[in-house]
Amino acid sequence: GYADIYAARVTPSGEVLDPDGIPVCTAEDYQLFPDVVSGNGGYFVAWTDSRGGGYDVYAARVSTDGEVLDPEGIAISTADYEQYSLRVEWQSPFWLVAWEDYRNQEDQDIYGARVNTNGQVLDPQGIELINQPYDRYLSGITTGSDQVLITFDGYLPDYFTDKALGAFWNPVGVAERLEGRSARTELRLLGNPVRSRLELEVKLPQTGRFRLELLDAAGRQVRLLQTGELSAGTARMSFDLRDLNTGVYFLKLSGSGIKLRQRFTLLR
């Protein structure tokens, strides 16, 4: 069956007030990877939703009595291609939602939106928060007095590795200040989450040897997908992952002066 979003209230003493769970969203297809925050005298739950065919961002308000105020869900972002890996926070007078976004089909960026206490999405197209060469992976958002700290990680070509990064959202959208290279190696997933077959593209500015590995969430090698010499240009690759368990995995591309990583979720 398909996954839904359920919740339960728990008292400070550990008593579960909703032993059967509160059905926050039971829409068609998958609802996955929720995040929740309290504020404005209630709760705000957001999740990744595939009811529209792709992966979008939906949310719902829940009262302190456990009533779901938006049973059909609030469509936070239904942009083209994929939106996932979201985080939520409360900064009066808004709920803030940030997520990883693949609408440009080149690099995975970070977008955000504000939602008012009536459940209205104030930024229906999303606010582009982080847009730099190479993918950016959202770690979290933390509210302050008048700013929001966005933490994320991504590849920095000057260091040939991934680094932990941060930027402030005012919240209007402040991008990190990083310079990229015009000729660069790219590792791009063609769809995330992955159902059973992993489709990807590798772009090399020059011919060279490479090694493509599949790692588990702990960074251990699951299998060596491919190794050898690859000509300059873009190569499309496909791998059957039907024998693997569902969960979070990483692709690792390495070679001469190359070290790239892509995270993806495998579903059934």
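The values are calculated or read from the model by the stated rules, or taken from the named source; none is laboratory data. These numbers were taken from a predicted model, which means no experiment stands behind them. Every residue, glycine as well, gets a Cβ built from its backbone with ideal geometry; the counts of neighbours run over all protein chains shown.
Here residue 68 fulfils each of the conditions (1) at pLDDT below 95; (2) more than 28 Å from residue 167 (Cβ to Cβ) apart from (1). In this structure, residue 146 qualifies as acidic (Asp, Glu) and either touching a residue at least 24 places away in the same chain (Cβ under 8 Å) or exposed (fewer than 15 other Cβ atoms within 10 Å of the Cβ) (or both).
Scanning the stretch 1-43 for residues that are of a type in the set (Phe, Trp, Tyr) and assigned to a loop (DSSP other than H, G, I, E, B), which turns out surrounded by the most Cβ atoms within 10 Å (Cβ to Cβ)? Spell out how you get there, then give the answer.
Residues of the stretch 1-43 that are of a type in the set (Phe, Trp, Tyr), as a first pass: 2, 6, 30, 33, 43.
Still in the list and also assigned to a loop (DSSP other than H, G, I, E, B): 2, 30.
Working: 2: 12, 30: 17.
Out of the qualifying residues, it is 30.
Would you call residue 48 closer than 16 Å to residue 192 by Cα and in contact with a Gly (Cβ under 7 Å, 6 or more places away or on another chain)? No. Selection of the stretch 57-94 for residues being outside any strand (DSSP E or B) and either buried (at least 22 other Cβ atoms within 10 Å of the Cβ) or not assigned by TED's automatic domain parsing to the domain that holds residue 26 (or both) yields 73, 82.
Pick out the one residue from 103, 136 that is surrounded by fewer than 19 Cβ atoms within 10 Å (Cβ to Cβ), under 24 Å from residue 189 (Cβ atoms), modelled with pLDDT under 95 and out of contact with any Cys (no Cβ under 6 Å at 6 or more places or on another chain). Even if it seems obvious, please write down each step before you answer.
Details: 136 fails: surrounded by fewer than 19 Cβ atoms within 10 Å (Cβ to Cβ).
Checking each option against the conditions leaves just 103.
For the stretch 106-118: of the residues being polar (S, T, N, Q) and surrounded by fewer than 20 Cβ atoms within 10 Å (Cβ to Cβ), which is nearest to the chain's Cα centre (by Cα)? Among those residues, the one meeting the criterion is 116. Figure legend. Inter-residue proximity from the stretch 23-39: first residues outside the structural domain of residue 116 (by TED's automatic domain parsing), second residues modelled with pLDDT of 95 or more and not in a strand (DSSP E or B), beta-carbon distance below 9 Å, spacing 6+ or different chains. No pairs are indicated.
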